[in-house]
1. Using alpha-carbon pairs under 8 Å, 6+ residues apart, how would you state the relative contact order of the range 208-372 in percent?
2. In whole percent, what relative contact order does the chain give with Cα contacts below 8 Å and a gap of six or more residues?
3. Convert each backbone phi in the range 285-300 into a coupling constant with the Karplus relation 6.51 cos²θ - 1.76 cosθ + 1.60 (shift: θ = phi - 60°), then list the ³J(HN,Hα) values in order as whole Hz, x for Gly and Pro.
4. Quick check on the exposure proxy: order H25, H188 from fewest to most C-beta atoms within 10 angstrom.
5. Take the cross-link list K92/K250; K116/K283; K283/K436; K138/K436; K59/K250 and give me the ones stretching past 32 Å between alpha-carbons.
6. Which shape class, rounded, prolate or oblate, goes with the range 59-191 when its Cα gyration tensor gives a ≥ b ≥ c as root eigenvalues, a/c under 1.5 marks rounded, and past that a/b bigger than b/c marks prolate?
7. What nm distance separates the two modelled labels at H188 and R290, each placed 7 Å from Cα along Cα→Cβ?
8. Where both partners of a DSSP beta bridge lie in the range 208-372, what percent of those bridges are antiparallel, to the nearest 5?
Amino acid sequence: MYDDLTLEHFMDGLVKRNPYEPEFHQAVKEVAESVIPFINKNPKYKQAHILERMTEPDKVVSFRVSWEDDEGNIRINRGYRVQFNNSIGPYKGGLRFDPSVNMSVLKFLGFEQTFKNSLTTLPIGAGKGGSDFNPKGKSDREIMRFCQSFMTQLYQHIGPNMDVPAGDIGVGAREISYLFGQYKRLTHQFESVLTGKSLEFGGSLIRTEATGYGNAYFMQSMLIHSGQIIEGKTCLVSGSGNVALYCAEKIIQLGGKVLTLSDSSGTLLVPNGIEQTQLDIIKDIKTNKRQRLGVLTELFECEFYEGKKPWSIKADLAFPCATQNELDEDDASLLAEHGCLAVSEGANMPCTPEAVHTFHERGILYAPGKAANAGGVAVSALEMSQNSIRMSWSENELEQKLHNIMQQIHDQCVKYGEHDGKVNYVDGANIAGFIKVADAMLAYGVV
């Protein structure tokens with residue numbers, strides 16, 4: 001006979017084993033709050049200590065990355081790959097190049113990826129990696145040399161049936177191309193070992209758009225389930241990277257009215273709603289010219305609020321698409337006071353636990369990132385499939401597949417999260433994601 005698992009006891013053990021990793025602790029606690037009551041009702045998971053095993057990565061790799069800058073100076077960075085869980089498929093998850101990268105951040109992202117990838121229903125495990133290298137301000141040649149050095153250390157740990165990384169913050173098509181070129185040079189193999197590749201050598205259509213499009217589709221499904229539609233709703237979007245820009249684009253296509261985008265310098269407000277032509281200008285200044293949003297006040301009618309976040313602006317829907325913990329309890333209270341109906345996360349863990357509690361307390365529909373932003377990794381898995389069968393699908397076919405996957409994720413959340421006619425999407429996503437991985441782990445025995 002086993003005593004019931006308690007959240008306090010479980011988290012005490014996890015923090016003791018993983019000290020000084022606050023992002024990882026936060027991600028695990030959010031899942032454990034949902035999953036532990038389910039585990040206590042299903043003793044097979046408790047007896048096999050599945051949650052304890054699931055919160056311990058399969059493997060963590062750390063390595064030195066030495067490279068030479070344009071002035072001939074030798075530079076040193078640290079590289080990582082956290083291979084979290086491969087119970088349902090090869091490890092799959094992005095590489096992030098950013099000064100904020102450390103073990104806590106990558107373990108949080110890898111743990112979240114376990115549930116996100118499970119929810120897609122596709123056969124992919126979970127991993128995450130990257131470096132504290134900052135590509136901003138670096139020349140193309142410097143980025144190429146860094147990527148080549150990084151892959152020289154990483155290549156022996158990845159492979160098409162072992163671990164298939166993708167891009168993330170600081171790692172776009174350019175970086176993936178340099179990484180893939182070095183992998184091919186080292187192994188003499190043309191393999192599906194990276195996703196997010198350029199179309200010229202095996203990339204997938206709509207991969208750039210997928211996370212943002214998928215987030216908008218999830219919001220659409222959530223609203224329809226509650227008897228509403230996205231058309232005509234005013235929307236706040238934070239961030240101005242690919243996720244935010246393409247989330248805004250799909251909202252516009254679905255008839256919503258996007259009021260804001262943001263970057264580290266402040267928030268852009270377009271009171272009448274951003275039009276597609278304006279969004280195209282914003283894409284250009286952010287992705288090609290790499291300028292701040294504030295310059296747009298000179299190009300079309302808009303306002304820019306220096307140092308401000310979007311959440312104080314009155315709107316129906318919110319899409320946090322920038323970075324983790326960008327929306328706190330005070331922001332959530334402001335959204336509630338202004339009548340916000342629903343929040344759908346485009347970034348990974350952008351809402352603090354206190355903000356999530358406020359959403360639930362105030363009756364705001366809330367979609368966690370592991371469900372709402374799974375579109376990117378879903379299309380990455382489709383890219384792997386296309387590479388394996390040496391063919392590609394059209395843009396329309398891929399978008400339809402993406403739409404179907406997001407609907408399936410929503411339906412799983414409803415199945416496991418609906419109580420008394422209301423859906424707790426956090427519980428639904430966590431339990432649905434847990435069951436598939438946990439059942440596979442049980443099937444393997446003690447490994």
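No value in this document is a laboratory result; all are computed from the given coordinates. Remember, predicted model here, so these are calculated numbers, not experimental data. Here the Cβ positions follow ideal geometry from the backbone for every residue, glycine too, while neighbour counts run over all protein chains shown.
1. Rounded, it is 22 percent for the range 208-372.
2. Relative contact order of the chain: 15 percent.
3. 6, 8, 8, 9, 8, 6, 9, 6, 5, x, 5, 6, 5, 8, 9, 7
4. H188, H25
5. K283/K436; K138/K436; K59/K250
6. It comes out prolate by the Cα gyration axes.
7. Output for this residue pair reads 3.7 nm.
8. If I count the DSSP bridges inside the range 208-372, around 40 percent turn out antiparallel.
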